[in-house]
Amino acid sequence: QTAWLPFLGFALLWRRGDNLSVLLAALCCSASVISGHAVPVFYSIFLASLLYFTLNIFAPQKPRHVSPLVRNYLAAGLFCFLFSAPLVVPFLFIVKNSDCFKADIPNIYYTVRATALLPSFFFPFQGAGSPYFGSPAIVLLLSGFFLSFKNKAIMWSVASLAIVTLAMMIRLGPFDWIGSLPYINWFMPIYALPYLCLLMAVLIGCAFDGLAEQKNFKKS
């Protein structure tokens, strides 16, 4: 699976912001488009794009200027389209045909119930969609902001995106209306689960890193 590559690409673009990082971000997104399923790829690039902007808001690497930020993002998107156009263009027709086909199916409603998703984080092996985190990992995740004393800005960025991803999956508030729009209403939010798990794993890693820095955990 290469659907996580856009996160790596946009992270490199956030860290460096030079022409090479723009190209690398485009190549990562293109590899995901070429080798991945359409809907997971949509979520991976969309969420990685949000991560790129939130990282620049919460933890800017350079003095914050909107123009280079947007310019680099658009350049990466343009190169990605050029590299993967043979697959992107037919995909647009598939989206249109799929939307027209499913519009005739009554009571179609793609969503993930919170009562089914949230318990699976605490109780492993509760259903096929469980990410198998378990209660200890969730406790570590929730306590990460108290355990880690560095990279707080990055943690805020990742945590914000994780909350948005969770709200999008369970169609909370305005996401319920957005998810019912044409051309979007057939994007099954369950495909965003791997990226939610990835964001959660990063937060858990930050908490574990914070534990390792505590004096009580150091060798005497």
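Only the coordinates and a few stated rules stand behind these numbers; no lab work does. Keep in mind that what you see is a predicted model, and the values were worked out from it rather than measured. Here Cβ is always computed from backbone atoms with ideal geometry, including for glycine, and neighbour counts include all displayed protein chains.
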### Message
So if I take the centroid of the Cα atoms in region 148-219 and the same for region 27-79, what is the distance between those two points in Å?
### Response
16 Å
#### Entry: Where labels lie 7 Å past Cα in the beta-carbon direction, separation of Leu50 and Ser160 in nm
1.2 nm
### Query
Does anything in region 130-167 have its amide N under 14 Å from the 7 Å Cα→Cβ label point of Ala114, and if so which residues?
163-167
### Summary
In nanometres, the difference between 0.36 nm per residue of separation and the alpha-carbon distance of Ile34 and Asn185 is 52.0 nm
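Given R₀ = 30 Å, FRET efficiency for Phe146-Ala167 by Cβ-Cβ distance, to 0.05?
On the way: r = 24 Å, r/R0 = 0.79.
The formula returns an efficiency of 0.80 here.
Starting from 0.36 nm per residue, how many nanometres of slack lie between Leu82 and Cys197 once their C-alpha separation is accounted for?
Values: separation 115, 0.36 × 115 = 41.40 nm, distance 3.02 nm.
Value of the extension gain: 38.4 nm.
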